[in-house]
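As structure tokens, the structure follows; a few thoughts come after it.
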Protein chains: 2
Amino acid sequence: MQTVNKWDLFELTVTGPATGNPFTERHFGAAFTHNRETVSVEGFYDGEGVYKVRFMPSWEGVYTYRTFGDFAGAETAGTLTVGPAGPGNHGPVRVANEHHFAYEDGTPYYSVGTTCYVWPHQPDEVIAQTLQELDRGYFNKMRFCVFPKHYIHNFRDPQTFPYEGTPVDNAGLSEETFTYQADLSGNHWDFTRFCPEHFRRVERAIQALLERNIQADLILFHPYDRWGFSCMTREQDDLYLRYCIARFAAYRNVWWSLANEYDLLVTKTLADWEHTAALICAEDPYAHLRSIHNCMAFYDHARPWITHASLQRQDLYRHVEFTDEYRTRWSKPIVWDEIAYEGNIDMGWGNISGQELVRRFWEASLRGGYAGHGETFLDPENDILWWSHGGTLHGESPARIRFLHRILSETPGLGLKRGAGAFDETVGVPDTVMPQGMEIHYYGFGRPSFRDFIKPAEEQWKAEVIDTWEMTVTDAGVHSGKFRVPLPGKEYMAVRLTRVTG
Amino acid sequence: MQTVNKWDLFELTVTGPATGNPFTERHFGAAFTHNRETVSVEGFYDGEGVYKVRFMPSWEGVYTYRTFGDFAGAETAGTLTVGPAGPGNHGPVRVANEHHFAYEDGTPYYSVGTTCYVWPHQPDEVIAQTLQELDRGYFNKMRFCVFPKHYIHNFRDPQTFPYEGTPVDNAGLSEETFTYQADLSGNHWDFTRFCPEHFRRVERAIQALLERNIQADLILFHPYDRWGFSCMTREQDDLYLRYCIARFAAYRNVWWSLANEYDLLVTKTLADWEHTAALICAEDPYAHLRSIHNCMAFYDHARPWITHASLQRQDLYRHVEFTDEYRTRWSKPIVWDEIAYEGNIDMGWGNISGQELVRRFWEASLRGGYAGHGETFLDPENDILWWSHGGTLHGESPARIRFLHRILSETPGLGLKRGAGAFDETVGVPDTVMPQGMEIHYYGFGRPSFRDFIKPAEEQWKAEVIDTWEMTVTDAGVHSGKFRVPLPGKEYMAVRLTRVTG
């Protein structure tokens, strides 16, 4: 008897022909039937005559399945018994209400993300370091790419390539000669033959994140390319997308990010993106979260296939404070995946302080959105920067981001709501009021020495002072009516009020 | 022979009737004639039977004058010889080009302002402290009010009142009971009889600023009132305005600010403000600078009588970074007179750090606008806060603001212009390029470890690293072509490039 837990990955393997081009000439798949659903899933060729099909069951109980294909031995049948979700397995993340996420079992998901664009394509020891950092529980989402990256600090070749063939020689590449539109000559790829090991590296990354309760925000296309993966034909793109879906969709923690900085992908039109979106909507049996990330111009996040807005700030100053506007504009969750990184490189997008990044996280979160981390400290010896390679973290923000997640997880209900007051004396301090009797007042770079509050005389409210940088929560008594909470007159403080009676 | 220097104040005094109400029943004035101009100016009654008329000559050489009035002894005549402007006297400040100011003699004026709303109305020892601070040369503009102020930290009575009568009892006023719309009963004023000593206090303040090369940005109306000065009739307002013009306009450093937070003055309509503006335009012989300051909603700064936009930030986050938009919108100088104050009070408008305030000054200035300072540190013992009372400065920003002014004064030409690049690698860092071969690149809260620049091979550029917080300028060599300037990877740094040959 074959068994698997709900929302875990079930895989069937058959052997078949290795001749010709199995990636394009062969077809393999399966249908899984339960009294609540029938799911038809496409399989994929994994090299060496091995064909696989993967499935993520959404229901407990018995599924029957049949595999099918156009080669001898493709057709099998069997029974799969699905047990209850294991400990810590809450299912895929979904949009649970207009602006917020929850796991499929209803557990709220408060996103605190990071970015390591090409960490699966690094040497094993770097990947091991990355996982060691992730073990500390700083983040619950990571953005990364299927394709390798060509950019400043990214001139080394990846460990594997996604296609059979040979890459352009990377000797002589440097920051000095880098341009955004690389010369693609010198590459020799067969875009009809995948290199399965490259995709296995991505799968190991997804699985490692899954084991750490981290969502894998998988970037399917991006512009930072010297190999030509960003300017394949639509047919080649579709083949690639179907291969990704067949291999990755059964991992419950996958999110689809159609692109990083789609607007820099000059080879693609809006029609191409809409085509890609339609293909994913049609082929992904599980309706994983979908978005598309900008450099300058936002995509039209009102498009129905977009589940949440994955945003990069549009200039140095205007970003998380616009959470309210974009919530209203799109009526979807707002995820600020790029709001500048903690670091000290020359670029303005990669040299803010830990304090400033953490402030942006609090602003985004308390305005009812979500934020993303990245780290870009110069590393002259190894040139390993977390933002792209993973490795070791050097900054001060990760521990504070984890602390923020703790505070968010202690809020009642699902997701944070803005306070009702359009104008209070603080003029615009994000001020989160939950209907269940909790308020968090965050003062950002303000340094109040105290704050006054007014509550009904018949209610009792517990006051706590939160130092978002020192990561402390200090009791400030239980109060009714008008009361004053003393504060230390320094930055990055918050007051949490919780109704205890009344 | 009567003599005065160009742009200095010349005053004629006659004695006349003290009976009846000389403020409303008597008229006194003078006409000054030079071969380049004839200026007719209104005089004013200064109490005790003394009538005065004041004049600021704009030309060297000989003026003849005649005084006139409706009482015996009012008519006199004479000759006034005007000598060259004295040392440091550059005349009134004017709008010199679309976005910038200069003194009338052409010397650029880079505004670095502060606010002490009611400092002339404080006890003499506080005024002396204020002047001691101003002697340090931190600021070259100060905003303050003719009327006293009623607000938190402002419950003591002023030293004098502008009208004859008696004020409401201030006993029992406190932060606890403060409301924005005070009960005005209990006041007994004769709005037709000024108290000259109150206006002399204002004049001494203007004169003290003039002696320190500080512009007096005089606020004529404001909403923070428990005496009724904010809700007089139009006839009473006009009498007051004419009195202010007659007394103050001959001081070359006067600017007219029609209101602080005009939009909170619920008793006044836009028609009232336009009427006030028309009166000032008609009666001020010298066309001093004119603006009107908002709380929430900007006034329509496109109105022709407005010489420059005096702005308060509209929320906690969006302010000086919008300088570009407002330059374009109004084609006038942009002066951010309120962008939050250095301090630690409970209010969000009064508890930012010195670092943040100085950053806002640099942002505003390098985007081709100007900024204003204020300070609000709690003072439990004396309740003297610079923002309202003057007194002693406690913050870290003033010395840095003075340093910024030095850097601005070292720029060539008149006023700063934005760099042409709409998108460079730093995405929006304000980047000031002067046509005369100087550039200042400011990195704000960014912390680059270096920056690369490219200049034509045939040109030589001197590079200097400016630490805007430590107030240092460090030589970084002379370069051509592509070159790198090392930076310390910390906040608030700038690079100044000056073309030395080519």
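The values are calculated or read from the model by the stated rules, or taken from the named source; none is laboratory data. Everything quoted here is computed from the prediction, not taken from an experiment. Note that each Cβ is placed from the backbone with ideal geometry, even for glycine, and that neighbours are counted across all protein chains shown.
Some notes on this structure:
- Residues that are of a type outside the set (D, E, K, R), within 21 Å of B:Thr130 (Cβ to Cβ) and part of a strand (DSSP E or B) occur in segment B:195-216; there is at least one.
Every residue, every condition in (1) at pLDDT 95 or above; (2) surrounded by 21 or more Cβ atoms within 10 Å (Cβ to Cβ); (3) under 21 Å from the mean Cα position of the chain (by Cα), yes or no:
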residue: B:Arg327; (1), (2), (3): no, no, yes
residue: B:Trp349; (1), (2), (3): no, yes, yes
residue: B:His373; (1), (2), (3): yes, yes, yes
residue: B:Asp379; (1), (2), (3): yes, no, no
residue: B:Asp383; (1), (2), (3): yes, no, no
residue: B:Gly419; (1), (2), (3): no, no, no
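- Scope segment B:1-18; condition buried (at least 17 other Cβ atoms within 10 Å of the Cβ), within 30 Å of B:Pro87 (Cα to Cα) and of a type in the set (A, V, I, L, M); matching residues: B:Val4, B:Leu9, B:Leu12
- Tally of residues being among the small types (Gly, Ala, Ser), touching a Lys or Arg at 6+ places or on another chain (Cβ under 7 Å) and not in a strand (DSSP E or B) across segment B:15-44: 2
- Residue in segment B:442-469 that is farthest from A:Gly343 (Cα to Cα), counting only those that are outside any strand (DSSP E or B) and within 14 Å of chain A (Cβ to nearest Cβ): B:Trp469
- Per-region count, segment B:40-90, residues touching a Ser or Thr at 6+ places or on another chain (Cβ under 8 Å) and under 19 Å from B:Arg252 (Cβ atoms): 11
- Among residues of segment B:480-502 that are touching a residue at least 60 places away in the same chain (Cβ under 8 Å) and more than 14 Å from every other protein chain (Cβ to nearest Cβ), those with a Cβ under 9 angstrom from a residue that is small (Gly, Ala, Ser) and not in a strand (DSSP E or B), sequence gap 6+ or separate chain, pair up as B:Thr498/B:Gly437; B:Arg499/B:Gly437.
- Qualifying positions in segment A:167-222 - more than 30 Å from A:Tyr251 (Cα to Cα) and either small (Gly, Ala, Ser) or not assigned by TED's automatic domain parsing to the domain that holds A:Tyr240 (or both): A:Ala171, A:Gly172, A:Ser174, A:Ala182, A:Ser185, A:Gly186
- Filtering segment B:19-47 to residues that are farther than 25 Å from B:Thr79 by Cβ, exposed (fewer than 14 other Cβ atoms within 10 Å of the Cβ) and without any contact (Cβ under 8 Å) to a residue 60 or more places away in the chain leaves B:Thr19, B:Gly20, B:Glu25.
- So B:Tyr51, is it free of Cβ contacts under 8 Å to residues at least 40 places away in the same chain, among the hydroxyl-bearing types (Ser, Thr, Tyr) and closer than 22 Å to B:Leu241 by Cβ: yes
- Any hit, segment A:45-58, residues being polar (S, T, N, Q), in contact with a strand residue (DSSP E or B) (Cβ under 7 Å, 6 or more places away or on another chain) and not in a loop (DSSP other than H, G, I, E, B): no
- Flag if B:Asn97 is modelled with pLDDT under 95 and of a type in the set (S, T, N, Q): yes
Residue-wise test of (1) surrounded by fewer than 18 Cβ atoms within 10 Å (Cβ to Cβ); (2) of a type in the set (S, T, N, Q); (3) farther than 21 Å from B:Ile345 by Cβ.
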position	(1), (2), (3)
A:Glu458	yes, no, yes
A:Glu470	yes, no, yes
A:Ala476	no, no, no
A:Gly481	yes, no, yes
A:Arg484	yes, no, no
A:Leu487	no, no, no
A:Val495	no, no, no
A:Arg499	yes, no, yes
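- Comparison of B:Gly369, B:Gly343 shows that the only residue that is at the interface with chain A (Cβ under 10 Å from one of its Cβ atoms) and crowded, with 24+ Cβ neighbours inside 10 Å is B:Gly343.
- Matching entry among B:Tyr103, B:Tyr117, B:Tyr110 (being surrounded by fewer than 24 Cβ atoms within 10 Å (Cβ to Cβ), in contact (Cβ under 8 Å) with a residue 24 or more places away in the chain and of a type in the set (Phe, Trp, Tyr)): B:Tyr110
- Filtered by the rule that a residue be over 16 Å from the mean Cα position of the chain (by Cα) and either assigned to a strand (DSSP E or B) or closer than 16 Å to B:Ser230 by Cα (or both), segment B:275-311 gives B:His275, B:Thr276, B:Cys295.
- Checked against (1) at pLDDT 95 or above; (2) not in a helix (DSSP H, G or I), A:Ala246 meets all criteria but (2).
- Restricting the first member to segment A:349-361 and to residues that are at the interface with chain B (Cβ under 10 Å from one of its Cβ atoms), and the second to residues that are among the β-branched types (Val, Ile, Thr), the beta-carbon pairs closer than 6 Å and six or more apart or on different chains are A:Gly350/A:Thr376; A:Asn351/A:Ile345.
- Residue among B:Arg136, B:Arg143 that alone is crowded, with 18+ Cβ neighbours inside 10 Å and touching a residue at least 24 places away in the same chain (Cβ under 8 Å): B:Arg143
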